[in-house]
Amino acid sequence: MGKHSELLARHKEVLPAWMALYYEEPIALVDGEGRRVRDAEGNEYLDFFGGILTTMSGYRVPEVVAAIKAQADRMLHTSTLYLIESQIELAERIAELSGIPDAKVFFTNSGSEANDTALMLVTQYRKSNQILAIRGSYHGKSHSAVAITGQKSWSATSLYPFNVTYVHGGYKLRSPFGHLPDDEFTKACVGDLGDLLDIATAGDVAAMIVEPIQGVGGFATPPDGFFGAMKEVLDRHGILFISDEVQTGWGRTGEHFWGYQAHDLIPDVLTFAKGLGNGLAMAGVVARPEIMDSLQANSISTFGGNPLATAGALANLEYLLEHDLQTNAHKVGNQLKNGLHHLADTNPEIVEVRGKGLMIGVEFGDPTSLAPDPGLTAAVMEAARAEGLLIGKGGLYGNTLRIAPPLSVTEEEAEEGLEKLTAAIERAKR
Ligand SMILES: Cc1ncc(COP(=O)(O)O)c(C=O)c1O
């Protein structure tokens, strides 16, 4: 029995069945450097998914590793009962970068907890449990985050703490308004939002929560300005705007540092996770001060923003800014997207290539009817692994490949990844 099959047998005994594993024969990754990883049986891969967009700067970045080691040599944890200098410094940096005036930051351990906190803040501030979420959304696994999940396959329960209304988002390919040009599409969705506020809500609504580009939803990307136009309607009703930047933050979209910046708006609340810690448990909420301070009772997160996570995240943020990884994401992202469009020209089963920067979705379906093709998508994923390329999968029907390498990916690696994916599609169609 190989190492992977032995681990799989043990995994199945003691871990939940609903924790999905990639690949017919799941693999364990044990070592990495830059954008390359090695599995427990010695196979090497180019990693274009970074542990779900989380390894942002790359594996074994010396500056980040050194900061974590230095902190681990002193102490791991003190709790938020004591001042933590690295937490304060990181909050100062994030508050300034967020674009939210006089912002305050609360650190958590995961994106789910960050969104959970954001939802508690806005519902308390607005004294309403009504939330607007986007069709196809994913915001995490906490009970409140599942409540605002717009995908059946990720909705584990319907026993929700909120009253949720699902609004049209930017997934044009399968939208009833999808045939319209971008500006008319936006107008139609905004019009529908107005209708929903009139017919499906009961008085004051607390907030709308959006992913500027949907992650698990298959990198569905709205036209620029889409959410700004939505926010004009929200503003007329005093409804707050939460931007979930768990996947789109820190320059991943290339054009901007935050996904919301493509939409000509400033959010009231922003949540982040994944990339900032480059793998450390690091997440949080940024909010206008009157919203952040609106809670009337004590609240803490024991581990949130602890010395280890904040020291590592500070070093990672420094690395990201110093090396201008956002510009790299823009440049290499365009190169990858061009290559993928090229691939779509010769493979009509690719019905759409979309996304921005290093967040690119490749959707598979029937070229004529557009019927989703999850089978071919899974086959391409498998074949890519066999070619030595790790990529992700998502979309409402599991028919979209997600390509999202670390932001430090080079042009040569992008070329190599494209070659591997081309070979994988050929292999999968054979
Ligand atoms: C947009 C978005 N928000 C929130 C989350 C939840 O983050 P976590 O898994 O760290 O709880 C995810 C996770 O994939 C996500 O993609």
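A few remarks follow.
- Strands (runs of 3 or more DSSP E) fully within region 1-89 that include at least 1 residues being away from the ligand (no atom under 16 Å from the Cβ), touching a helix residue (DSSP H, G or I) at 6+ places or on another chain (Cβ under 6 Å) and closer than 21 Å to GLN326 by Cα: 44-47.
- Annotation: of all residues in region 179-201 being of a type in the set (Gly, Ala, Ser) and over 13 Å from ILE239 (Cα atoms), the one that is surrounded by the fewest Cβ atoms within 10 Å (Cβ to Cβ) is GLY191.
- Checked against the criterion of being in contact (Cβ under 8 Å) with a residue 24 or more places away in the chain, surrounded by 22 or more Cβ atoms within 10 Å (Cβ to Cβ), part of a loop (DSSP other than H, G, I, E, B) and not aromatic (Phe, Trp, Tyr), region 90-102 contains one or more residues that satisfy it.
- A count restricted to region 150-179 and to residues that are farther than 13 Å from ASP116 by Cβ and in a loop (DSSP other than H, G, I, E, B) stands at 16.
- Residue satisfying condition, being closer than 30 Å to GLU412 by Cβ, touching a Gly at 6+ places or on another chain (Cβ under 6 Å) and outside any strand (DSSP E or B), within set ALA329, ALA383: ALA329
- Of residues in region 90-115 being within 16 Å of the ligand (Cβ to nearest atom) and of a type outside the set (Gly, Ala, Ser), the one farthest from ALA309 (Cα to Cα): ASN115
- Any hit, region 263-270, residues being in contact with an Asp or Glu (Cβ under 8 Å, 6 or more places away or on another chain) and surrounded by 21 or more Cβ atoms within 10 Å (Cβ to Cβ): yes
- Tally, over region 278-290, of residues that are of a type outside the set (S, T, N, Q) and buried (at least 24 other Cβ atoms within 10 Å of the Cβ): 6
- Screening region 210-302 for strands (runs of 3 or more DSSP E) wholly inside it with 1 or more residues that are within 30 Å of SER79 (Cβ to Cβ), within 12 Å of the ligand (Cβ to nearest atom) and polar (S, T, N, Q) returns the ranges 240-244, 269-272.
- Filter pass, GLU44 being touching a residue at least 24 places away in the same chain (Cβ under 8 Å), touching a Gly at 6+ places or on another chain (Cβ under 7 Å) and loosely packed, with under 13 Cβ neighbours inside 10 Å: yes
- Screening region 204-257 for residues that are surrounded by 24 or more Cβ atoms within 10 Å (Cβ to Cβ) and of a type in the set (Phe, Trp, Tyr) and picking the one that is nearest to LEU132 (Cα to Cα) gives PHE241.
Read-outs throughout are calculated quantities, based only on the coordinates presented, and are distinct from any laboratory measurement. Small disclaimer: the values here were computed from a predicted structure and weren't measured. Every residue, glycine among them, receives a Cβ derived from its backbone with ideal geometry; neighbour counts consider all protein chains shown.
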